[in-house]
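Colleague: Got a structure here, written out as structure tokens. Questions coming.
Derivation of every value follows stated rules applied to the coordinates shown; laboratory data play no part. Everything numeric here is computed off the predicted structure, so don't read it as measured data. Neighbour counts run over all protein chains shown; Cβ positions are idealised from the backbone, glycine included.
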Amino acid sequence: MCANISEVFNGRMQTEQSENAPPTRRSEGMRKAWAKRRMSAVMEAEWLQRPICLCGCGQILSRHPSTERQPQFRRGHDARLRSLARKVLRREAEPAAIPEIARAMKSRLAFLLKEPELAKLF
Ligand SMILES: [Zn+2]
């Protein structure tokens, strides 16, 4: 968990440096990848200010003083997101059904670490 968070912040610093580098085809791809990561970092920062359940139900969560321990789901709702991801995997649901915020927060979702085939959907 700690490693993932510091990786995001290091990534943001590297993005600012690479924006000054001369544009090449390769750095353009890199820039887009970093822009996506930066967007995820912004979404995560906003979410930490006002955390809602990542399953997509939209219920507000109580804020934890430690961002690393901030709950991501209402009790049992991680199972809902997990079963949604499984449906997408079986083409029984649209990939768009996975909430954007859940994609942005994928590095925090413990169940994805155990199931890399689901992580690819995020
Ligand atoms: Zn929920």
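Colleague: Could you pull out every one of the lysines with an alpha carbon less than 16 Å from that of K114, ignoring same-chain neighbours closer than 8 positions?
Modeller: Qualifying lysines at Cα under 16 Å: K106.
Colleague: Something else: Which parts of the stretch 73-110 would a label at H64 reach, counting a residue when its backbone N lies under 13 Å from a point 7 Å out along Cα-to-Cβ?
Modeller: Hits in the stretch 73-110 for H64 at 13 Å: 73-75, 108-110.
Colleague: Shifting gears a bit: With unit charges on the beta carbon (Lys/Arg positive, Asp/Glu negative), name the residue among G76, I52, P99 whose Cα is farthest towards the positive pole of the charge dipole of the stretch 41-122.
Modeller: So the residue furthest toward the plus end is G76.
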